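Engineer: What follows is a single structure, and I will ask about it in a moment.
Laboratory data are not the source of any read-out in this text; all were calculated from the coordinates shown. Please read all numbers here as calculations on a predicted model, not as lab measurements. Counting neighbours? That spans all protein chains shown, and the Cβs are built from the backbone with ideal geometry, glycine included.
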Amino acid sequence: MGPLRAAALVTLVRGGGRLRYRHPRAGLHIPVRRCSAPPAPAIAAKEPFAVELKAGQKYGWCACGHSRRQPFCDGAHKKAAPGISPLRFVAEEDKMVWLCGCKQTRTPPYCDGTHKTEAVQGARLPPKP
Ligand code: FES
């Protein structure tokens with residue numbers, strides 16, 4: 001069965017805020033991902049945050065840039081950037097690290113120096129609440 005035939009057997013439905021495909025005979029609901037790219041993260045700060053990590057402790061690094069508890073997640077992504085999730089990690093040792101504040105790093109959650117670029121330094125920061 002080719003892709004066109006398969007597409008004719010399913011119906012796109014909305015339910016619970018998510019897109020799903022429903023098979024008309026089997027009644028299956030298969031969650032699908034949207035094809036559009038997730039929203040770009042907001043630049044929360046133009047420099048990294050110095051953080052003292054504690055071994056074994058869980059952290060949730062804000063990846064969307066909307067948290068008021070930078071550099072950590074406060075759940076703001078659920079409304080402000082639904083396509084972006086926080087990066088959760090467990091510290092392996094007691095250590096001082098630089099966590100990215102611009103949300104443009106290629107080595108999340110750690111700063112890689114991307115904040116020094118003109119794209120970040122010239123950007124307007126969102127207003128403080
Ligand atoms: S603060 Fe984002 S790369 Fe340095």
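Engineer: Glu47 to Arg69: extension gain in nm, 0.36 nm per residue of separation minus the Cα-Cα distance?
Structural biologist: Details: separation 22, 0.36 × 22 = 7.92 nm, distance 1.50 nm.
Computed gain between Glu47 and Arg69 is 6.4 nm.
Engineer: Extending each Cα 7 Å along its Cβ direction at Thr114 and Gln57, get the distance between those two points in nm, one decimal.
Structural biologist: About 2.6 nm separates the two model spin labels.
Engineer: Tell me, in nm to one decimal, what length is gained between Ala123 and Arg106 on full extension, where the rule is 0.36 nm per residue of separation less the Cα-Cα distance?
Structural biologist: Values: separation 17, 0.36 × 17 = 6.12 nm, distance 1.82 nm.
Fully extending the segment from Ala123 to Arg106 adds 4.3 nm.
Engineer: If the reach is capped at under 29 angstrom between alpha carbons, list the lysines near Lys95, excluding any in the same chain fewer than eight residues apart.
Structural biologist: Within the straight-line limit of under 29 Å, Lys95 reaches these lysines: Lys46, Lys54, Lys58, Lys103, Lys116.
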